[in-house]
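What follows is a set of notes on a single structure, which appears directly below.
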Amino acid sequence: MGNDVLVFGEIRGGELKKVVRELISAAATATGGTGGATDAVLIGAGAASLAGKIKGFGLRKIFTVEDELLANYSTEGYAAVLASLIAENKYRYVFMGATAMGRDLGPRVAARVDGVMFSDCVEVRMEGGSLVVRRPVYSGKLFVELSPEGDRTVFVSVRPNNIAPAAESGGSTEISPRPSGVTRDMIRAMATEIVPLAGGRPDVTEADVIVSGGRAMKEGANFRMLEELADLFGGAVGASRAAVDAGFAAQPIQVGQTGKVVNPKLYIACGISGAIQHLAGMRTSKVIVAINKDPNAPIFEKAHYGIVGDLFEVVPLLTKEIKTMMQ
């Protein structure tokens with residue numbers, strides 16, 4: 001087995017996920033100085049047309065697999081395609097995003113090819129010709145570093161917004177259409193519909209800016225003020241579990257230990273106390289701004305900037321000032 005890498009190019013809503021460019025960057029690290037090459041595979045409707053969007057990023061080959069049976073995601077169908085491709089080309093490393101799809105697909109394929117899985121990694125580097133990955137444990141309180149042994153294929157899922165995305169580097173990349181080899185009896189369950197978030201905002205796991213609200217929002221209608229602020233940045237709206245449990249916000253935007261883990265450039269926490277379960281989902285944000293009328297709220301211990309005040313006064317003022325700055 002050599003040092004070649006396969007990147008899984010996840011397609012969602014007819015577009016490549018933002019994390020794909022980050023995976024290409026991580027793959028370049030894994031092949032740097034080892035003589036390996038990086039390929040990518042795109043599965044699903046529109047794969048062939050989307051391949052052109054990553055053609056200039058130094059990849060050796062991009063496999064595209066389009067099949068009516070794979071138009072919508074299915075664990076068995078996608079796993080069969082990936083397992084076949086890995087067995088045929090004997091990839092040393094397989095990189096995919098630590099997304100809902102990546103978390104479902106990675107372990108399944110790793111089991112099929114007798115590989116090893118490193119999940120939810122935030123850093124990738126090479127030491128002495130061996131891959132080293134860094135991943136959080138204990139709700140982000142500690143980090144561990146892992147390195148594979150032996151010649152088994154290593155699967156690495158990368159948490160979005162942690163690795164700098166690859167830049168275009170030119171070069172010649174072969175786009176290779178590939179038959180799926182999937183039959184209907186192989187598929188036991190299939191995602192029939194993916195419902196996008198209201199307002200067309202980015203998923204919280206990939207957003208550069210997130211404005212989140214807690215129980216102090218009082219009611220769901222008040223989240224509109226957070227939406228207005230988030231939209232100024234092209235960002236996403238998040239919520240604490242308390243806000244979701246109270247019915248103020250939908251579960252898909254919940255941030256925390258029982259929700260989604262995020263890593264934006266800017267996280268604005270409005271009326272969120274800062275319980276450990278919430279911090280577990282956003283403590284790695286680059287800049288944290290807390291707005292809370294309780295000066296002793298735990299969130300201020302983790303915030304880079306804090307505003308002690310009523311969020312219903314502070315957020316509209318902040319929105320107004322940012323609008324003025326953008327004019």
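The values are calculated or read from the model by the stated rules, or taken from the named source; none is laboratory data. What you are looking at is a predicted structure, and each value in this text was computed from that prediction instead of being measured. Here the Cβ positions follow ideal geometry from the backbone for every residue, glycine too, while neighbour counts run over all protein chains shown.
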- Could you list, in sequence order, the residues of the range 287-318 that are surrounded by fewer than 18 Cβ atoms within 10 Å (Cβ to Cβ) and of a type in the set (S, T, N, Q)? Asn296
- Note on the structure: Expected output for the range 1-23 (first residue under 18 Å from Ile175 (Cα atoms), partner of a type in the set (Ser, Thr, Tyr) and part of a strand (DSSP E or B), Cβ below 7 Å, 6+ apart or cross-chain) is Val5/Thr38; Val5/Tyr93; Val7/Thr38
- Item | Those residues of the range 179-201 which are assigned to a helix (DSSP H, G or I) and modelled with pLDDT of 90 or more, in sequence order | Arg184, Asp185, Met186
- Message: Would you confirm, using the coordinates I've provided, whether Arg92 is among the basic types (Lys, Arg) and under 20 Å from the mean Cα position of the chain (by Cα)?
- Response: no
- Has the range 81-90 got any residue that is in contact (Cβ under 8 Å) with a residue 40 or more places away in the chain and surrounded by fewer than 18 Cβ atoms within 10 Å (Cβ to Cβ)? yes
- Out of the residues in the range 174-196 that are in contact (Cβ under 8 Å) with a residue 12 or more places away in the chain and β-branched (Val, Ile, Thr), state the one that is nearest to Ala100 (Cα to Cα). Ile194
- Query: In the range 144-159, which residues are β-branched (Val, Ile, Thr) and either in a strand (DSSP E or B) or surrounded by fewer than 11 Cβ atoms within 10 Å (Cβ to Cβ) (or both)?
  - Reply: Val144, Val154, Val156, Val158
- Message: Of the conditions (1) modelled with pLDDT under 95; (2) in a loop (DSSP other than H, G, I, E, B), Pro264 satisfies every one except a single condition; which number is it?
- Response: (1)
- Task: Mind listing just one residue for me: the one in the range 44-65 that is over 23 Å from Thr31 (Cα atoms) and touching a residue at least 60 places away in the same chain (Cβ under 8 Å) and, of those, surrounded by the fewest Cβ atoms within 10 Å (Cβ to Cβ)?
- Result: Ala48
- In the range 98-143, what residues are out of contact with any strand residue (DSSP E or B) (no Cβ under 9 Å at 6 or more places or on another chain), of a type in the set (Gly, Ala, Ser) and assigned to a strand (DSSP E or B)? Ser130
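This table checks each residue for (1) out of contact with any Ser or Thr (no Cβ under 7 Å at 6 or more places or on another chain); (2) within 20 Å of Asn162 (Cα to Cα); (3) without any contact (Cβ under 8 Å) to a residue 24 or more places away in the chain; (4) not in a loop (DSSP other than H, G, I, E, B).
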{"site": "Val244", "(1), (2), (3), (4)": "yes, no, yes, yes"}
{"site": "Ser285", "(1), (2), (3), (4)": "yes, yes, no, no"}
{"site": "Pro295", "(1), (2), (3), (4)": "yes, no, yes, no"}
{"site": "Glu301", "(1), (2), (3), (4)": "yes, no, no, yes"}
{"site": "Lys323", "(1), (2), (3), (4)": "yes, no, no, yes"}
- Only one residue in Pro165, Pro177 is in the same structural domain as Tyr73 (by TED's automatic domain parsing), closer than 30 Å to Asn3 by Cβ and either surrounded by 14 or more Cβ atoms within 10 Å (Cβ to Cβ) or small (Gly, Ala, Ser) (or both). Which one? Pro165
- Query: Given the conditions (1) closer than 11 Å to Val5 by Cβ; (2) touching a Leu at 6+ places or on another chain (Cβ under 6 Å), and given that Gly77 satisfies all but one, which numbered condition is not satisfied?
  - Reply: (1)
- Message: Out of everything in the range 86-136 that is among the hydroxyl-bearing types (Ser, Thr, Tyr) and modelled with pLDDT of 95 or more, what residue ends up being farthest from Ala40 (Cα to Cα)?
- Response: Ser119
